[in-house]
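Engineer: This structure is in structure tokens; I'll ask about it shortly.
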Amino acid sequence: MPWVPRGLRNGVLTSRWPRHQDDYFDGFAAAIAVDPTGAAASDPRVAEAARACPTDAITATGDGVRLDRGRCILCGRCAEIAPEVFTIATGSAVAAVARDGLVVGRVAETDEALAAVRAELAQRVKRLRRSVHIRHVDAGSDGSDEWEVQALVNPVYDIHRLGIFFTASPRHADILLVTGIGTSGMRQPLRRTREAMPEPVVVIAAGTDATSGGLVGGGYTAGTGVGAVLDVDVWVPGSPASPFSLLHGILLALGRVPPPRDEGGTK
Amino acid sequence: MPNRSKTSFTAVDGWRASVVDNVSAGARFAGLYGVADDASCQLTALIATDDAYRALDVSVVPDPNGKLAYPSLSTHIKPAFWYERALHDLSGVVPIGHPRLDPLLLSLEAGSERPRPGRQAPPSSLRQSETAHGPVDVTGRGMFALSLGPVRSGVVESIEFLIESPGEDIPHLNIRPHFKHRGVAKKFEGKTPADAVLVAERVEGIASVAHALAFSHAIERIAGVEPPPRARLLRVVYAELERMANHLDVAMRLSDAAGLAVATARFAWHKETTLRLTSRMCGSRFGRGVVVPGGVSAAPQLSASAIASEITSLRARTRADAVLAMRTPSFLDRLRGTGRLDPDYAQLWGLVGPLGRASGSGDDLRWSRPTDAYAELRLPTRPAGEEEGDVLARLRVRWSEIETSVDLILAALGRLEADTSAVLAAPIDLSGAIGFGLGWSEGAQGEMVHAVALEDGLIQRCFARSASFHNLVAFHDAFPADVFTDFAFIEASFGLGYAGVAM
Amino acid sequence: MMIWMLTAGLAAFGLALVVGWFAVSRKAATVDAAPMRQGALATVSWIASLTGSVLLVVVGAYALSTGPMTIDVTGTVGGRAIEVDRLTGLFLIISFGVAVPAVLSAMSSTIATRGRLPAGVAAVLLATAIAILAGNLFVLIAGWEGLGFAFYLVVGFDRDRTARARSSILASVFSKASGAALVLGALLLYAETHSFSLASFAHASAGPGRDAAWALLVLGFGVKVGMVPVHLWLPSGYAAAPGPARAILAGVAVNVGFYGLWRIMDVLGAPPTWLACVVLVLAGVTAVLGISHATVHADLAYLVAWSSVENAGIILAGFGVAMVGDIIRAVPLMAVGLLAATAQVCAHALGKSLLFVSTSAIEEAYGTTDLDVLRGVAPRLRFSGTGLVVGALTLAGVPLTAGFASEWLILEALMQQFRVDNLALDLCLAVAGVLVALTIGIASIAFVRVIALTAFGPREKLTPAHAGETVERSWTHRAGIVLLVLGCLGVAAAAPLEVQLIATGISPLVGTAALSAVRQSVILQPVYGNFSALSPTLLWIVIPAYALIIAALATLLSARRFTRVRRVPVWTSGSPGVEGGHGYTSFAFANPIRKVLAAVLLTRSELRREEVATGGQVGNEDKGAKAATLGYTVDVVDIIERFLYRPLLPVGRAIVRTAKRLQSGRLDAYMAYMLVALLAVIAVVTALASM
């Protein structure tokens, strides 16, 4: 009983994103940005940055510099070595509906293919409307990803306000949120869980580990991301992906991300 | 002073006798691992004596059949039970006479190659068994097997608890962490210390700082350098913030299990506040990339006074909620007497961290083997400790540790304000170096130990032992008088990360 | 006419008894001709029993509609031998109404191996009929002792099987004790009235003698129905009886006990206040103890048998309300108590017979009644499975079954406590009410277990080999099941009719008071108006209608997607294929109740290290995760047996040892004993007569 007034003591803590801006959402360093014009691909510092990248996320070939956010673990070394090209970008809106969408820098335009993917996804999630249930599966994470996913239900993010809930049974789930590198041991449980979900299903790979295996994937336990086991619809980079990045990814899957605002919009 | 702590034996029997003697003389068994060579395998046992660690090693050579085997330690040393199973899984060394040599970390098909960490080349034909299911041990009327996991209910890490029950009681359970075995040991190999510390952070993500510290200490020991004072203080700040977040997570999960919605939300908020504070200091919510061998990578992006004021108000809120929780009868009723591990048991199994300390044993490395700035900062006279060994005692230990953490952070911040030096890391040049070093730190889960062997300046083998691996084995015996509905409480009270178990 | 039918019915049972007895007489003589002959004789015996039961139902119906009739056989000694009034008629209908399907099902049992079982069943039926029809003490005692002997025979039918001989001896010991209590009670009344006619006992004047008689008679009849603490024989007795006979014992013969209680209330008038208190409290305890054991028992036959104890408690609670009504001279209260109790007698007779009839076929098909082995019975045995489900629902008191209205009436009767102005009675009514309500709650768990796991549970890999499905396939068994299912459901649909029938039957006790339990022809109320109301009949319309409407809406609103289903394997969080990983066993499902009711059941659990695994250290008992063969056991005990009878056992043995000395084997000694006994009887009777 004494908990009731205690719950009221600190007022509303909940973020108002996506309706309104959120400082933490905008200020969080969730990705590395690449400025292809900053230096030539042949610049020795770019090459050094590519070499220093512990997950080989940077490619510097003749036609330009590219960074795969799906491999990046945000160690920030490239930004130290070649700050003209690589900068730590703030803002949590980093999820993409295609694996290629995570590659930044000089990339081939794939608008048409991307539009097709988006349209297909939009068609699929149309029936989910405004009550969505998520089943989370850990496919070999380091444990931090679960904290970030779990944080979504805390009063600060409170995804229940958006009609999104976590459920224990895949029978009730619409979204399969997978963290971890996709170890051999988790392949079967993961497949069984996906199989047990009623269509339509959206699969989200949460975090760099789930996207590409990150730093620890790719060893003898396979684990080069969950894309090797399931058809993934939305990719959320981050090591681990922060709660806001995850929330952005989930809303992206549901087609509920608000259009980007003008810079310097109202606070 | 690199190799002072290491003793090499030539004969397996002598090695075994020495390990057993050490443990029976009161030393704590802290780990066992293998470093594979072409055909043989070097075994290293870690022993924690009163104020130091000793590594005892011996080389096991193939017998005439080409098999690597040695007489098991588990028959005399309880806590070797899981280490020997892990050793068998990873290095293929058979402890003869082991009570139960089932797969623990890696379930392989018959005849498959083993990863054999230490040997540089990756295994070429490793075949994991995807279908092997758990063992059933108990017979009796109405017994059935209930497998909790690997896909657990709720957002938690994958692990399988195979419960055998006649309904309600939990007379026996098997723990099967292998589903999320990532092969981290092999990921250290061939990396420079600067790269490998990033792997260390991912051994157990919720103890990133603790693992990075343990690893860095090992490297610093090999290199013989001491981090600069400013780095030592900053390391304490990050390590204690991580501890607070972990303890608040346990409080949140206990409240959730008890159905106290407001308490759950409050503790979740406090935890989020802690993680946000960390992220505003260094960019990562888990303090990743901060600790590097030799020091820290960067100064915090917040001023010491800003951190201090945040942490002070966080302490006030946390303390008030903790007091209220400890006055909520419906909460305490579920914790009192639940999941009891008595002191004799904790002693026998050498339990570490809050789990051990709640059962009257288990030291706190910040007191017994202080690293970084812990020796300089004023600690309470004794680490937090309880005797009851139940879930409530563990929570009490955690409350008290949160208080200590805040005190330590504030003290460290005070010194940081006074310290004007700009040096954040001592230079370490280990190119071409060969060496062995032990590093440790006290994480929220307990003692983290990294045993690092360098070759040509690159990691040859890193045995990254998390407290979670060491402690989780006690979960088998935490249900003497408890029933299904106590499971969530006992699991939460252990406060372990399963990534660090499965490795 | 009716008298001839009655006589014919009794004669049919006699015929069944004789023919059944000879059904195996030639077994050894001619091997090849024997089975045929046995089959034919046994069938004749069963048909005779069936005919007798039908005739007695007709007699009962006639008696209920027209009123008293008598047959005076003995004339001089003890008054009229057979007396049939409306109460007799009611109990004839209930008892032999369920005897018809029970005998039908029993007919189908594997004839060749069941030897003299038809004779045993006929003996039970004959004794039941005699005891119910008895007009004087001699006939009653004859019927009662006959019943006791028949129980001994039937319970011990399979005496070569484990522990069954012990059960039959236990049953006969308690029968003897009950007979002794009845004789003693009746003699006390005789001393008052100088007549052996039951009806004349009404003239016994109130006083300690009549009170003691009341108590002794309640005790005597209480043994048969399984009242605590004299229930000890009942669970093992029922369970030990051969499958086809259990329904006859538990569904048919048990009603004699209830009839006896009703009859003493009829003739003796108001009981002493303390006796009403004792009965109420014992009723509550009986109900709770019975359901506690039923809920946790690992064997289907025992589960159903323990539920008889539970029902005895519930029925006795209703009877206790009637006793209270009698004491405070509130005829409506008496009426509601008796009405509720009789309705529960009906529901119990139907449900219990159905369960035991089904159990008989299930036991044959699975070769066991172990609940951990019995899984998925309903899909395999459609008729018996349905019987199991409907019987369980009836005894759990679920709407749309006979048990719902009767349990509602019992609770309503207990709630009339506020009309009583006596503190002791008030308290006892409250205690009984609480315990009965608790019982009804636990009962739902007990029968959920039966329905969810036994009837519909997933089948284990190792379904036992087919022991045979002769019973399940035979049409007589199916007919029996169908009749009983229709009874269980139909009584609910036609609840007002049932209530009117009962009200007529108990009119010798309460006149027409009970008829006001039916209002506006479909609504039931606890006799007193404006208290509460229920219409099981309307529920039969409303509930199915709701189900239909929801199904229709779901189908319509889902745009036919409701019917299109993608089937995937059942999802489990764990890795499939673990031994024993098919979810709860029946035993395990009951384990929470073992924990919750540990105070009643004295639950004990123990994990033993049965054998240290290879490589482990022998004799090292430290806790640890190392493997070994582990054994786990959970036990419960009957506290009455443990704390009442077991301490008395040495005392009893000592008395027997002493008594043995009297049996010297010398004829003159025995003559002397008889002389002493005769003198003592004369002295007592003379003394009492002169009082």
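Engineer: Residue C:496 versus (1) in contact (Cβ under 8 Å) with a residue 60 or more places away in the chain; (2) part of a helix (DSSP H, G or I); (3) not aliphatic (A, V, I, L, M): which is the lone unmet condition?
Structural biologist: Exception for residue C:496: condition (1).
Engineer: Let me ask another. Can you confirm whether residue C:401 is buried (at least 24 other Cβ atoms within 10 Å of the Cβ) and within 18 Å of residue C:359 (Cα to Cα)? Walk me through how you get there before you give the answer.
Structural biologist: Values: buried (at least 24 other Cβ atoms within 10 Å of the Cβ): yes; within 18 Å of residue C:359 (Cα to Cα): no.
It is false that residue C:401 is buried (at least 24 other Cβ atoms within 10 Å of the Cβ) and within 18 Å of residue C:359 (Cα to Cα).
Engineer: Taking the residues in segment A:184-228 that are in contact (Cβ under 8 Å) with a residue 60 or more places away in the chain and among the polar types (S, T, N, Q) as candidates, determine which candidate is nearest to the other protein chains (Cβ to nearest Cβ).
Structural biologist: A:221
For (1) modelled with pLDDT of 85 or more; (2) assigned to a strand (DSSP E or B), each residue gets a yes or a no:
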| site | (1), (2) |
| --- | --- |
| A:7 | no, no |
| A:14 | yes, no |
| A:37 | no, no |
| A:66 | no, yes |
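Engineer: Do you know which residues across segment C:534-562 are farther than 24 Å from residue C:490 by Cβ and part of a loop (DSSP other than H, G, I, E, B)?
Structural biologist: Within segment C:534-562, C:558, C:559, C:560 meet the criteria.
Engineer: While we're looking at this one, here's another question. I'd like to know if segment B:261-269 contains one or more residues that are modelled with pLDDT under 95, part of a helix (DSSP H, G or I) and more than 12 Å from every other protein chain (Cβ to nearest Cβ).
Structural biologist: Keep residues of segment B:261-269 that are modelled with pLDDT under 95, which gives B:261-269.
With the extra rule that they be part of a helix (DSSP H, G or I), the set shrinks to B:261-269.
Still in the running and more than 12 Å from every other protein chain (Cβ to nearest Cβ): none.
The answer is no; no qualifying residue exists.
Engineer: Looking at B:117, B:150, B:193, can you tell me which residue is within 30 Å of residue A:136 (Cα to Cα) and either surrounded by 19 or more Cβ atoms within 10 Å (Cβ to Cβ) or more than 7 Å from every other protein chain (Cβ to nearest Cβ) (or both)?
Structural biologist: Values: B:117 fails: within 30 Å of residue A:136 (Cα to Cα); B:193 fails: within 30 Å of residue A:136 (Cα to Cα).
Among B:117, B:150, B:193, only B:150 is within 30 Å of residue A:136 (Cα to Cα) and either surrounded by 19 or more Cβ atoms within 10 Å (Cβ to Cβ) or more than 7 Å from every other protein chain (Cβ to nearest Cβ) (or both).
Engineer: Only one of these is away from chain A (no Cβ under 11 Å) and at pLDDT below 90: B:283, B:294. Name it. First the steps, then the outcome.
Structural biologist: Details: B:283 fails: away from chain A (no Cβ under 11 Å).
Exactly one residue qualifies, and that residue is B:294.
Engineer: I've got another one for you. Could you please find all residues in segment A:164-183 being over 18 Å from residue A:127 (Cα atoms) and crowded, with 24+ Cβ neighbours inside 10 Å?
Structural biologist: Those that are over 18 Å from residue A:127 (Cα atoms) and crowded, with 24+ Cβ neighbours inside 10 Å: A:177, A:178, A:179, A:180, A:181, A:182, A:183.
Engineer: If you don't mind, there's one more thing I want to ask. Among (1) within 14 Å of chain C (Cβ to nearest Cβ); (2) farther than 18 Å from residue B:176 by Cα; (3) surrounded by fewer than 19 Cβ atoms within 10 Å (Cβ to Cβ), where does residue B:74 come up short?
Structural biologist: Unmet for residue B:74, out of (1) within 14 Å of chain C (Cβ to nearest Cβ); (2) farther than 18 Å from residue B:176 by Cα; (3) surrounded by fewer than 19 Cβ atoms within 10 Å (Cβ to Cβ): (3).
Engineer: Condition first: buried (at least 19 other Cβ atoms within 10 Å of the Cβ) and under 27 Å from the mean Cα position of the chain (by Cα). Now tell me which residues in segment B:315-334 satisfy that. Before the answer, list the steps.
Structural biologist: Here is the first cut: in segment B:315-334, the residues buried (at least 19 other Cβ atoms within 10 Å of the Cβ) are B:315, B:318, B:321-322, B:325, B:331, B:334.
Hits for segment B:315-334 are B:315, B:318, B:322, B:334.
Engineer: Among the residues of segment A:152-161, which ones are more than 7 Å from every other protein chain (Cβ to nearest Cβ), touching a residue at least 24 places away in the same chain (Cβ under 8 Å) and either over 24 Å from residue A:209 (Cβ atoms) or not in a loop (DSSP other than H, G, I, E, B) (or both)?
Structural biologist: Within segment A:152-161, the first condition is being more than 7 Å from every other protein chain (Cβ to nearest Cβ), and the residues that meet it are A:152-153, A:157-161.
Filter once more, so that each one left must be touching a residue at least 24 places away in the same chain (Cβ under 8 Å): A:152, A:157-159, A:161.
Matches in segment A:152-161: A:158, A:159, A:161.
Engineer: Then there is this: Taking the criterion of being in contact with a strand residue (DSSP E or B) (Cβ under 9 Å, 6 or more places away or on another chain), modelled with pLDDT of 90 or more and assigned to a helix (DSSP H, G or I), would at least one residue in segment C:484-492 satisfy it?
Structural biologist: As a first pass, look at segment C:484-492 and keep what is in contact with a strand residue (DSSP E or B) (Cβ under 9 Å, 6 or more places away or on another chain): none.
No, segment C:484-492 has no match at all.
Engineer: While we're here: Among the numbered criteria (1) within 19 Å of residue B:376 (Cα to Cα); (2) of a type outside the set (Ser, Thr, Tyr); (3) more than 19 Å from the chain's Cα centre (by Cα), which one does residue B:241 miss?
Structural biologist: Only one criterion is unmet by residue B:241, namely (3).
Engineer: What is the residue count in segment C:500-520 for residues that are in a helix (DSSP H, G or I), among the β-branched types (Val, Ile, Thr) and within 21 Å of the chain's Cα centre (by Cα)? If you could, list the steps in order and put the result at the bottom.
Structural biologist: So in segment C:500-520, the residues in a helix (DSSP H, G or I) come out as C:500-505, C:507-510, C:513-517.
With among the β-branched types (Val, Ile, Thr) added as a condition, the list becomes C:502, C:504, C:510.
Next cut, within 21 Å of the chain's Cα centre (by Cα) only: C:502.
Of the residues in that region, 1 qualify.
Engineer: Within segment A:124-137, identify whether any single residue is in contact with a helix residue (DSSP H, G or I) (Cβ under 8 Å, 6 or more places away or on another chain) and within 7 Å of chain B (Cβ to nearest Cβ), and answer yes or no.
Structural biologist: Scanning segment A:124-137, I find at least one residue that is in contact with a helix residue (DSSP H, G or I) (Cβ under 8 Å, 6 or more places away or on another chain) and within 7 Å of chain B (Cβ to nearest Cβ), so the answer is yes.
Engineer: Could you list, in sequence order, all residues of segment B:420-441 that are buried (at least 17 other Cβ atoms within 10 Å of the Cβ) and under 16 Å from residue B:373 (Cα atoms)?
Structural biologist: Of everything in segment B:420-441, those that are buried (at least 17 other Cβ atoms within 10 Å of the Cβ) and under 16 Å from residue B:373 (Cα atoms) turn out to be B:424, B:425, B:439, B:440, B:441.
Engineer: Of all residues in segment B:153-190 being of a type in the set (Lys, Arg) and either touching a residue at least 24 places away in the same chain (Cβ under 8 Å) or within 11 Å of chain C (Cβ to nearest Cβ) (or both), which is nearest to residue B:459 (Cα to Cα)?
Structural biologist: Keep residues of segment B:153-190 that are of a type in the set (Lys, Arg), which gives B:176, B:180, B:182, B:186-187.
Okay, now just the ones that are also either touching a residue at least 24 places away in the same chain (Cβ under 8 Å) or within 11 Å of chain C (Cβ to nearest Cβ) (or both), so B:176, B:180, B:182, B:186.
On the way: B:176: 29, B:180: 24, B:182: 18, B:186: 10 Å.
This residue is B:186.
For every residue, the table says whether it meets (1) surrounded by fewer than 24 Cβ atoms within 10 Å (Cβ to Cβ); (2) over 15 Å from the mean Cα position of the chain (by Cα).
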position	(1), (2)
C:260	no, no
C:270	yes, yes
C:276	no, yes
C:285	yes, yes
C:289	no, no
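Engineer: Within segment A:30-45, is even one residue over 30 Å from residue B:192 (Cβ atoms), out of contact with any Lys or Arg (no Cβ under 8 Å at 6 or more places or on another chain), in contact (Cβ under 8 Å) with a residue 40 or more places away in the chain and small (Gly, Ala, Ser)? Full working, then the answer.
Structural biologist: Of segment A:30-45, the ones over 30 Å from residue B:192 (Cβ atoms) are A:37.
Narrowing further to those that are out of contact with any Lys or Arg (no Cβ under 8 Å at 6 or more places or on another chain): A:37.
Checking the rest, the ones that are also in contact (Cβ under 8 Å) with a residue 40 or more places away in the chain come to none.
No.
Engineer: Restricting to segment A:1-46, and then to whatever is among the charged types (D, E, K, R) and more than 21 Å from residue A:94 (Cα to Cα), can you tell me which residue is surrounded by the fewest Cβ atoms within 10 Å (Cβ to Cβ)? Explain how you work it out, then say what you get.
Structural biologist: Quick first cut of segment A:1-46, residues among the charged types (D, E, K, R) only: A:6, A:9, A:16, A:19, A:22-23, A:26, A:35, A:43, A:45.
Filter again for more than 21 Å from residue A:94 (Cα to Cα), leaving A:6, A:9, A:43, A:45.
Values: A:6: 18, A:9: 11, A:43: 16, A:45: 16.
Ranking the qualifying residues of segment A:1-46, first place goes to A:9.
Engineer: Consider residue B:99 carefully, then state whether it is over 26 Å from residue B:186 (Cβ atoms), within 14 Å of chain C (Cβ to nearest Cβ), under 25 Å from the mean Cα position of the chain (by Cα) and part of a loop (DSSP other than H, G, I, E, B). Walk me through how you get there before you give the answer.
Structural biologist: On the way: over 26 Å from residue B:186 (Cβ atoms): yes; within 14 Å of chain C (Cβ to nearest Cβ): yes; under 25 Å from the mean Cα position of the chain (by Cα): yes; part of a loop (DSSP other than H, G, I, E, B): yes.
Yes.
Engineer: Shifting gears a bit: Among the residues of segment C:399-437, count how many are part of a helix (DSSP H, G or I) and closer than 26 Å to residue C:387 by Cα.
Structural biologist: In the first step, residues of segment C:399-437 are kept if they are part of a helix (DSSP H, G or I); the result is C:402-419, C:423-437.
Now drop any that are not closer than 26 Å to residue C:387 by Cα, which leaves C:402-410, C:436-437.
Number satisfying all stated conditions: 11.
Engineer: Of all the residues that make up segment B:196-217, how many are within 16 Å of the chain's Cα centre (by Cα), facing chain A (nearest Cβ under 10 Å) and of a type in the set (Gly, Ala, Ser)?
Structural biologist: 3
Engineer: Would you be able to say whether some residue in segment C:327-345 is within 16 Å of the chain's Cα centre (by Cα) and of a type in the set (D, E, K, R)? Break it down into steps so the answer makes sense when it comes.
Structural biologist: Looking only at segment C:327-345, we keep the residues that are within 16 Å of the chain's Cα centre (by Cα), and these are C:341-345.
Right, trim to of a type in the set (D, E, K, R) and you get none.
No; the residues of segment C:327-345 include none that is within 16 Å of the chain's Cα centre (by Cα) and of a type in the set (D, E, K, R).
Engineer: Let me ask something else about it. Looking at (1) among the acidic types (Asp, Glu); (2) buried (at least 24 other Cβ atoms within 10 Å of the Cβ); (3) more than 28 Å from residue A:92 (Cβ to Cβ), can you tell me which one residue B:242 breaks?
Structural biologist: That leaves (3) as the condition not met.
Engineer: So residue C:205 fits all but one of (1) among the small types (Gly, Ala, Ser); (2) outside any helix (DSSP H, G or I); (3) touching a strand residue (DSSP E or B) at 6+ places or on another chain (Cβ under 8 Å); what number is the exception?
Structural biologist: (3)
Engineer: Test residue A:149 against the criterion of being without any contact (Cβ under 8 Å) to a residue 60 or more places away in the chain, β-branched (Val, Ile, Thr) and either in a helix (DSSP H, G or I) or closer than 23 Å to residue B:247 by Cβ (or both), and give yes or no. Steps first, please.
Structural biologist: Numbers: without any contact (Cβ under 8 Å) to a residue 60 or more places away in the chain: no; β-branched (Val, Ile, Thr): yes; either in a helix (DSSP H, G or I) or closer than 23 Å to residue B:247 by Cβ (or both): yes.
It is false that residue A:149 is without any contact (Cβ under 8 Å) to a residue 60 or more places away in the chain, β-branched (Val, Ile, Thr) and either in a helix (DSSP H, G or I) or closer than 23 Å to residue B:247 by Cβ (or both).
Engineer: Another one. Residue check, residue B:136 against (1) modelled with pLDDT of 85 or more; (2) outside any strand (DSSP E or B); (3) facing another protein chain (nearest Cβ under 7 Å), all met but one. Which one?
Structural biologist: (1)
The values are calculated or read from the model by the stated rules, or taken from the named source; none is laboratory data. No experiment lies behind these values; they were computed from the predicted model shown. Note that each Cβ is placed from the backbone with ideal geometry, even for glycine, and that neighbours are counted across all protein chains shown.
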